[in-house]
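Read-outs throughout are calculated quantities, based only on the coordinates presented, and are distinct from any laboratory measurement. Just so we're clear, the structure is a prediction, and the values are computed from it rather than from any experiment. Reconstructed Cβ throughout: ideal geometry from the backbone, glycine too, with neighbour counts over all protein chains shown.
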Amino acid sequence: MLLVVEQFLNGLQFGLLLFLLAAGLTLVFGIMDLVNLAHGSLYMMGAYFAATFAAWTGSFLLGALMALGATLVLGIVLEMTALRHLYGRDHLDHVLATFGLILFFNEAVRLIWGPAGLALPLPAWLTVPVPILPGIHYPAYRLAIIAVALLVALLLYLGVMRTRIGMLIRAGASNREMIGALGINIKLLYTLVFGLGAALAGLAGLMQAPILTVQIGMGENILILAFVIIVIGGIGSIRGAFLAAIFVGMIDTLGRAFLPNLLRQVLSGAAASTAAPALSSMLIYLLMAMVLVVRPEGLFPAHRR
Amino acid sequence: MKSLSVSKAVTALMLAGLVLLPLYSSLSGNIFILTLFTRIIILALAAASLNLIMGFGGMMSFGHAAYLGIGGYAVGMLAQEGVGSGFIQFPVALAASAIYALVIGALSLRTRGVYFIMITLAFAQMAYYVASGLARYGGDDGLTIYKRSDFSGLVDLSNRTQFYYLCLACLFGVIFLIWRIVNSRFGLVVQGLRSNEQRMQAIGFPAKRYQLVCFVISGTMCGLAGALLANNTDFVSPAVMYWTRSGDLMVMVILGGMGTLFGPVMGAVVFLLLEEFLSQITEYWALIMGPLLLLIVLFGRGGIMGMLGRAGRG
């Protein structure tokens, strides 16, 4: 029971983290029609910035806030110098150009911070276990991640659906020429959206940093999970990304936790322990394959044109 | 027609260079260059196979490195189990790649555009994780191949020059095959589907079936490259299917010129020589390579073949 609740919360936490990453990716794709592989690099930069600033200021929160600002600025600079020129080009061009950016970021990080990973220690008040149910404790930090991610998801929803900027963003997604003709500075809007996406990726990275080590290439594996999520959820749909992210986070975590035991009841011990790691890492891809067979456009495709 | 002659001349020079390379290597005693170019030729073969679906078929696969791994693991696993004959290893490598391509293609081709890119990427990553989980065959650390594929006297893979020419022959064979495919009725249908799928379907061609066959042919060819690569390094590990390797292959195709017969070979030669050259100047070669890719995408339309064509036109 304890294990089930704990793994369930772990799955939720991982899913919400994936949502932050996938939301930025799907936002940028939905609005600018840009495939950004370097999104994982922004996630990595968020973690590196946080580790550096936290060590520098001595405060976790201050470091995290500064890192958030830094990834926002980095995203804006990146958009203005390089990615802006890719709008309207072939998707293949996006893939290649941003693939080049990944190489650049990984190498730049190695040059600046060295090949060894960094650690981002948590302050004492975030490491205490919190009782959530009678007799069941859960780390405060993971609860904090869940709370922050849910808050961001809510703000994102309200921001996109209820504010003027959000209205412009949605209008830009459905017809960019028209809102340009109506006198909206579409270039600025795109830069802002990209910055927002970058900040979301940075937030995911810096929140994940204390749990895993901060290292080169940390953004690449999780980026692929984010791709799986937006394929399942439907490209350009934030609601789809949210549901698919939670789903994928749960399946991945619960699969890794419980699949070995389940297999052991069916197969012999040796066969189960060989098959389990491979099978549990395949689970989400099998899920994606099944979704594709049933709904090639994803579960919640954004209504476009 | 002058434009044709410039790119043709450069291609012919490059191919002559590849054929004569072992001669240079043995005369100068530079063994390293032979090893380097064996690798280049194998990856050029992989790039050429990717070009078949990407350049001619319009299917942007971002998971082509999976076949390198599947072909390589077929050789490695059979060698581990005591089956050393290349007459068994290579057909198994090709068949395994074909089956994987059939399954993945059937699923991925339900989608198009950017979905297709992401899905092929995700499936290749799945293959990567499966290979990492193969504890019996080295898992994450990979699998050392103690004896290269044995072709019982026909060709000795441990002989550097013979192995080089085997790889070169495979490359030329595959390019010849691609040339025949592209100019066949089947190839014209696939190219028609790239230009306008709806119209082709309206004429009555079963679009997905043609594309799937093309996808499987390409995957099988790349499986051959995988089997050769494993023999070249005497080692196979999940890292050969890591997604950056798929990206490298895409870069080679684009760099050389998508949808041209010899473009991918040109791309592979230039890309890998550049990588080698930059990594000798600085440890941080990717710092230059990354932005270079960005510039190539922004300004180098049509790749090297395209640029040669423009240069020819003056």
* When chain B is treated as a GNM, springs tying every alpha-carbon pair under 10 Å, which of B:SER132, B:SER49, B:SER61 comes out with the largest mean-square fluctuation? -> B:SER132
* Have a look at A:MET32, A:ALA144, A:GLY249 and report the one farthest towards the positive end of the charge dipole of the protein assembly as shown, computed about the Cα centre with Cβ charges (Lys/Arg +1, Asp/Glu -1). => A:MET32
* Asked: Under a point-charge model restricted to the Cβ atoms of Lys and Arg (+1) and Asp and Glu (-1), what is the dipole moment magnitude of the protein assembly as shown relative to its Cα centre, in debye to the nearest 20?
  -> 1680 debye
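Quick one: plug the Kirkwood hydrodynamic radius of the stretch B:2-313 (C-alpha pairs) into Stokes-Einstein at 37 °C, 0.692 mPa s, and report D in µm²/s.
On the way: Rh = 19.9 Å.
The estimated diffusion coefficient comes to 165 µm²/s.
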* Asked: Can you work out ³J(HN,Hα) from phi for every residue in the stretch B:38-46, in order, using Karplus 6.51 cos²θ - 1.76 cosθ + 1.60 and θ = phi - 60°, giving whole Hz and x for Gly and Pro?
  -> 4, 4, 4, 5, 5, 6, 5, 4, 4
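Within 10 Å of each Cβ in peptide A:104-110, how many partner chain Cβ atoms are there on average? Round it to a whole number, please. Numbers along the way, then the final one.
Numbers: counts 10, 3, 4, 9, 4, 0, 4.
Counting other chains' Cβ atoms within 10 Å and averaging over A:104-110 gives 5.
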* To do: Let me know the Kirkwood hydrodynamic radius for chain A, please, with Cα pairs as the basis and the value in Å to one decimal.
  => 20.3 Å
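For A:176-183, what's the mean count of beta carbons from other chains sitting within 10 Å of each residue's beta carbon? Mind dumping the intermediate values first?
Working: counts 0, 0, 0, 0, 0, 0, 0, 0.
Mean shielding by partner chains, rounded to a whole number: 0.
Against the empirical 2.2 N^0.38 Å scaling, what ratio does the C-alpha Rg of the protein assembly as shown come to? Intermediate values should be presented prior to the final figure.
Values: Rg = 25.1 Å, N = 619, 2.2 N^0.38 = 25.3 Å.
Here the Cα radius of gyration is 0.99 times the empirical estimate.
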* Taking H placed 1.01 Å from N in the peptide plane, check which residues at least 5 places from B:LEU143 or on another chain put their amide H under 5 Å from its amide H. => B:VAL236, B:SER237
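Averaged across the residues of A:222-231, what count of C-beta atoms belonging to other chains lies within 10 Å of each residue's C-beta? Let's see the in-between values first.
Details: counts 0, 3, 8, 2, 1, 9, 6, 0, 3, 8.
Whole-number average of other-chain Cβ neighbours for A:222-231 is 4.
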* Take each of the peptides B:276-283, B:116-123, B:294-301, average the number of other beta-carbon atoms within 10 Å over its residues, and list them starting from the highest. => B:116-123, B:294-301, B:276-283
* Asked: Can you give the angle from 0 to 90° between the axis of helix A:269-294 and the longest principal axis of chain A, with both taken from C-alpha atoms, to the nearest 10?
  -> 30 degrees
* To do: Might you report the magnitude of the Cβ-based charge dipole of chain A about its Cα centre, with Lys and Arg at +1 and Asp and Glu at -1, to the nearest 20 debye?
  => 520 debye
* Estimated vicinal HN-Hα couplings, Hz - the stretch B:103-109 in sequence order (Karplus 6.51, -1.76, 1.60; Gly, Pro = x) -> 5, 5, x, 4, 6, 5, 6
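For chain B, give the magnitude of the charge dipole about the Cα centre (Cβ charges: +1 Lys/Arg, -1 Asp/Glu; no others), in debye to the nearest 20. Please list the in-between numbers first.
Details: 19 positive and 11 negative charges, 266 e Å.
The calculation lands at about 1280 debye.
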* State the Cα centre-to-centre distance between the stretch A:40-54 and the stretch B:46-64 in whole Å. => 35 Å
* Which peptide among A:225-238, A:136-149 comes first, and what is the full order, when sorted by highest mean count of other Cβ atoms within 10 Å? -> A:225-238, A:136-149
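Between A:LEU111 and B:GLU275, take the C-beta separation as r, use R0 = 22 Å, and let me know the FRET efficiency to the nearest 0.05. Write down the numbers at each step before the final one.
Values: r = 17 Å, r/R0 = 0.79.
After rounding, the FRET efficiency stands at 0.80.
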* Give a residue-ordered list of calculated ³J(HN,Hα) values for the stretch A:108-119 (Karplus: 6.51 cos²θ - 1.76 cosθ + 1.60, θ = phi - 60°; whole Hz; x for Gly, Pro). => 4, 5, 5, 5, 7, 9, x, x, 6, x, 10, 10
